[in-house]
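Inspection log for the structure reproduced underneath, given as structure tokens.
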Amino acid sequence: MKKRMICILLILLITPALTPITSQAAVTPYFVLVNETLLPFSESTMPFIVGGEMFVPVLPINVFRELGVWAVGSDDFVRLFRGDRYVDFYTTPGDARTTNHDGLILRWPHARSVGGRFYVPLRQVSDFFGLTFQIVEIPDSIIPERPMQAVRIISHSAINGPTAVGMNRDGIRSAFEERFVPPQTLPGPPVVGDPPSPLPPVEPELPPDYSDVTIYLSFFDLSGGSAEQILDLLDTESAAHVRACFFVNSEDVFSDPGLIRRISGTGHTLGIWLEEGTFEEYLKISAILFEAAKVRTVIISASDATEQARETAQAHQLIFWDSAGSVIDDEAPSVSDITATLPRESGARHNLLFLCNEQTTSVLPGVYAYLRTNRFTIEKITETVALLLDPQNDE
């Protein structure tokens, strides 16, 4: 009898840890920001907290998607992956576990299946994929008289939490009012006297719309070792229509022809970066480029040999793209430093030319989030654009 009681007691102690949380867990009304982007304020994006751990949804809405972390799965299994790193979550009763790409079982809080949504522990997933997160108080100037917070998940950003919240103040306020503030009831008609005056129409405050301002994204010097990460960002689902121009030299093509083929194969433009600015240099790089990726380009650019490259283009029917004033240098500019240089006037055009280095991978997500939030038009440099536009004059 004692053995039987001990077995029953052990079963009761073990079973709750293996049972996925269902309807008893309620989401917490946090706003969720990814870098500088505010996600919809709904149960599908809100986290919930269990035992002091914050869990965030990855199916059907994946809050990590814009950070380049993908999610696939079913009702009781999800895989999160980026590149060749992945982590598998199982919530099957009796087999709840978490493993990584090396097959190791991770001592993480178990993933949760709640109301048709799949949640994973935020702290552990962030550490695994090199992300960070922070909890930010919503100031009274945005939501008065009710304490509210935002959880902000970050890949790389030079903008602090309060600034990111401030950039989304209108969206946060309107989402809060839509969910929590009851509609005002107008008083009934007066019994005697003149009819009431009609209420003046309330014009909604719209976010900035700079869709008539065109921003060109371009990159050069692939030797920094960050081109793959930059391509990963540009090729995520949220950036599916964002294409850029990559200027390459002979060393770039020699060292990694597969990378050059990936750039071309995913719809980006290739240009030639000249160090000496001569036609002979162009012919040499052009031949190497065609051998590696079967791509020919007539777009050239340069920094130290700008005038020589311009003369080469004029003499040999090439298209010179003037990079003067466009280079985002390696002096660690912040996202706000970069976005402050963007024009706002209608019809303006501006080129952002980045080195392919770690600094670019740290600021590019924030720059892209800012461009998308403010609805700038993002285009790549092409032969047609380069012929119609002299960026030195337009900037």
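The values are calculated or read from the model by the stated rules, or taken from the named source; none is laboratory data. Everything quoted here is computed from the prediction, not taken from an experiment. Neighbour counts are summed over all protein chains in view; Cβ atoms, including those assigned to glycine, are modelled from backbone coordinates with ideal geometry. For the accessible areas, the whole protein counts, side chains as well, though only heavy atoms, and no ligand, DNA or RNA atoms are used. Shrake-Rupley method; radii C 1.70, N 1.55, O 1.52, S 1.80 Å.
Stretched out fully, how many nm does the piece from Arg85 to Glu228 gain, at 0.36 nm a residue minus the Cα gap?
On the way: separation 143, 0.36 × 143 = 51.48 nm, distance 1.45 nm.
Extending this stretch completely gives an extra 50.0 nm.
Take the Cα of Ser255, step 7 Å toward its Cβ, do the same at Ala324, and the gap between the two points is 2.9 nm. Model label sites at Asp75 and Ala315, defined 7 Å from Cα along the beta-carbon direction, differ in position by 7.3 nm.
Rounded to the nearest 0.05, the FRET efficiency derived from the C-beta distance between Ser174 and Glu383 at R0 = 30 Å is 0.10. Using a probe radius of 1.4 angstrom, the carbon and sulfur fraction of the accessible surface of segment 337-377 is 48%.
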